[in-house]
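A quick write-up on the structure given underneath.
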Amino acid sequence: MKPISLLLLAFAGIASSTFLQAPEDPIQSAFHSYMLTFNRTYKEGSQDYEHALAAFTRSYLAMVHHNREGSASYEMGLTDFSDRMPIEVEIEMAEEGANSMVQREHRLEYPAEVDWSATKYVSPPINMANCRDGGHIFAAVSAVESAYAIRDDLDASHPDNLISVRYFMDCDYTNMGCNGGGQPYKIWRFMAKEGFCTWSDFPRNEPAETPKSMNVYNCPKYLVKNVVKVARDLKSIVMKNPSIDILKALLQYQPVVAGININDFSPLYQYKSGIIADTAFACSSDYNDDARKINSYVTIMGYKEGSTITGCSGHWIVKNNWGPNWGEQGYFRICIPSDITQYPYGHCNIHQVIQIPDVGLIPGYLIPPTA
C-alpha cells in the first residue's frame, strides 16, 4: 500500500474519532464538575441522575442569565441546592415545626392508599412479651427486614430473611436491650458496624425465652462462627416531626419506625379493632404540653386517606410489637388529624420522631441534610 493511502486511512481514523463523536454538552460537563465539587454520586442514566440533571440545568441557565445582566445587586452561583427543584429545596430547608412544611408540600404526589402489610415484604408481628421496654428493637428489626425485602424482592417471612431480635438483646451493649431508653437508629448502626444474625442462625427470640435484660454471654458472636453478617450498606435517617405529606411520601418506598406515647391512659392497651382517635388527649401532646413523651416504637406500614371520623383525614396502618393475637392481627389503625394545629405531633405523638433504615430506597430529596 502506498504511503499516501496509509496517510489517508490514518486521517480517516482521526476524523471518525473526532468528528463522529460529538463533544460533551457544556451543561452536562458543568454538571459532572458540580457532582465532583459537591460529592454527588448519581449513576449516569438512572432516574435520580436525570432528575438531578434537569434541576441543575434550570439552576445553571438561571445563574448564567442573571450574571450576564450585570445590573443586579448580587451574584448567583452553584450551591448545594442547584441539583434540586424548588419544591425539594423547600422541603429540606423547612423548619421542624408542625405547620412549616404543609403548604409547601401540596405538590407532592402519592396515592390515596398504601399498605405494605398486605405484601410479602413484611414479617409477622412478634410479641415482645417480657421485653416490655424493648420496642425500639422490635420496631427497628421489623422496618429493616422490610427495607431489604423490598429492595431485593425477598419474602420477609422466610427464616433466612428474618432478623434475630434476640441477637440485639444479647449483643448490642450500646442500646439498653430490654431496659428501655434505646433508639432504633442505634440498632441499625450496630448492624452496620458489628453485624446481625438471621432467625435461622439464632432463633431464640420466642416470648418464653425473651429476657428482661440483655445477656452478653449468650451473644452468638462469641458462640457460633460464620453467622454474623455485617450490613455495611445500611444507614439511618431520623426526622423530627415531619409533616403528614412528607410521611406519606416516604411510605411510597418502605415502612418507617415511629415513636409513640403508650402511657398509663393509652387506648392501645384495650384496643381490639377500628381507628384510634385520641379525642380525650390521653396519649397526645398539644402545643402547651412540653412533655411530648415518646416511650416506645412501632412500625408504620401505610395509610389510607378519607374518613368518616370527625377530625380525621384518614388513618395510619401500624404494626405493633404485641403479637398477632392483639388488635387487628397485631396491627392497629390510628387517626391522621385533619387539623394539625390541634394535634401537632399526631395522635399519641406518632408523628413526633420518625426513623428510617436507609438501604437506598428513599430518594435524596426526601432526606433532610442533617439525616
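Laboratory data are not the source of any read-out in this text; all were calculated from the coordinates shown. Model, not experiment: these values are computed from the prediction. Because the Cβ atoms are built from the backbone with ideal geometry, glycine has one as well, and the counts that use them run over all protein chains shown.
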- line: Note, the stretch 321-334: 3J(HN,Hα) by Karplus (6.51, -1.76, 1.60, θ = phi - 60°), whole Hz, Gly/Pro = x, goes 10, 10, x, x, 8, 9, x, 8, 6, x, 10, 9, 10, 9
message: Can you list residues from other chains, or at least 5 along the same chain, whose modelled amide H is less than 5 Å from the amide H of S236?
response: D358
- request: Grab the other residues whose beta carbon is less than 9 angstrom from that of E305, score K and R as +1, D and E as -1, and report the net.
  value: +1
field: Entries of K235/K319; K248/K304; K186/K248 with Cα pairs more than 20 Å apart
entry: K235/K319; K186/K248
message: Calculate the FRET efficiency for D264 and S338 from the Cβ-Cβ distance with a Förster distance of 45 Å, rounded to the nearest 0.05.
response: 0.95
task: Rank these for me by crowding, K120, K248, going from fewest to most other beta carbons within 10 Å.
output: K120, K248
field: Peptide ranges 181-192, 35-46 listed from the most packed, as the mean C-beta count within 10 angstrom indicates
entry: 181-192, 35-46
field: Extension reserve of the D25-A54 stretch, reckoned as 0.36 nm per residue once the Cα distance is removed
entry: 9.1 nm
message: Full-extension gain between L36 and R132, please, as 0.36 nm times their residue separation minus the C-alpha to C-alpha distance.
response: 29.8 nm
Full-stretch length increase - S200, S46 - with 0.36 nm per residue and alpha-carbon distance subtracted: 51.8 nm
query: Tell me, what does the Kirkwood hydrodynamic radius of the stretch 104-366 come to in angstroms if you use every pair of distinct C-alpha atoms?
result: 18.5 Å
- line: Residues whose modelled amide H sits under 5 Å from the amide H of S313, counting only those 5 or more places away in sequence or on another chain, are I336, S338
